[in-house]
Amino acid sequence: MGVSWKKAERDVAKELQDWWRRLEPRARFSRTPGSGGWATARAFDGARAKMRGDVTVVSGAVRWPFSVEVKFRDEVTPGAIERFLVGQRSVIDRWWRQCCAAAEKDGLRPLLVFRGDRMPWRVVYQEAGEERPRLRLLSTLVRYDPEPFAKSSRKQRRRPRERGMKGKECSEE
């Protein structure tokens, strides 16, 4: 792959920041130092901030509801995406479960952003109260108004089943 995973995380942070600034204009997002390895760290303004996941809010986004995991891997293939969409086990299913577990620790909603080589960025997220996750192109998600995402309840999270996503089919739009 020509792009490093660090650059990929920075690119996703920039895309999410630009999107969220339509709601909170002072929001600042960054790749998490150590890519999720810091539980807390000094934010750019000197305050303490939670820094879990691969992309974090460093200031100005008090209504941000997500814990973000970014995956840029060769394992992302059209077949892996198709298996995830129909509820079969795939590498994306494994990443989604990892993302859900990390988000639950912080009381946030999971947001998985992934792509394979020469593929567009895709996101997996779950609407509050919904059983199944949604799969979208990142370029589609950032066209949505961020307000409904901010208003979603953080308490209504559902954990995916341990063995695949049987019965929890999702569609890509």
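The values are calculated or read from the model by the stated rules, or taken from the named source; none is laboratory data. Please read all numbers here as calculations on a predicted model, not as lab measurements. Every residue, glycine among them, receives a Cβ derived from its backbone with ideal geometry; neighbour counts consider all protein chains shown.
Out of all the residues in segment 25-48, which are in a loop (DSSP other than H, G, I, E, B) and modelled with pLDDT of 90 or more?
Of the residues in segment 25-48, the ones in a loop (DSSP other than H, G, I, E, B) are 25-27, 32-39, 43-47.
Residues satisfying the conditions are Pro25, Arg26, Ala27.
Limited to segment 88-119, what total is found for residues that are under 21 Å from Val12 (Cα atoms) and part of a helix (DSSP H, G or I)?
Here is the first cut: in segment 88-119, the ones under 21 Å from Val12 (Cα atoms) are 91-103, 106, 108-119.
So of that shortlist, the ones also part of a helix (DSSP H, G or I) come out as 91-103, 106.
Counting residues in segment 88-119 that are under 21 Å from Val12 (Cα atoms) and part of a helix (DSSP H, G or I) gives 14.
Go through segment 49-74 and give me each residue that's under 23 Å from Asp117 (Cβ atoms) and at pLDDT 90 or above.
Asp54, Val55, Val68, Glu69, Val70, Lys71, Phe72, Arg73 - these are the residues of segment 49-74 that are under 23 Å from Asp117 (Cβ atoms) and at pLDDT 90 or above.
What tally of residues in segment 55-87 results from selecting those that are in a loop (DSSP other than H, G, I, E, B) and either of a type in the set (A, V, I, L, M) or under 24 Å from Arg132 (Cα atoms) (or both)? Let's see the steps before the verdict.
Taking segment 55-87 as the starting set, the residues that turn out to be in a loop (DSSP other than H, G, I, E, B) are 60-65, 73-77, 86-87.
Filter once more, so that each one left must be either of a type in the set (A, V, I, L, M) or under 24 Å from Arg132 (Cα atoms) (or both): 61-65, 73, 75-77, 86-87.
Qualifying residue count, segment 55-87: 11.
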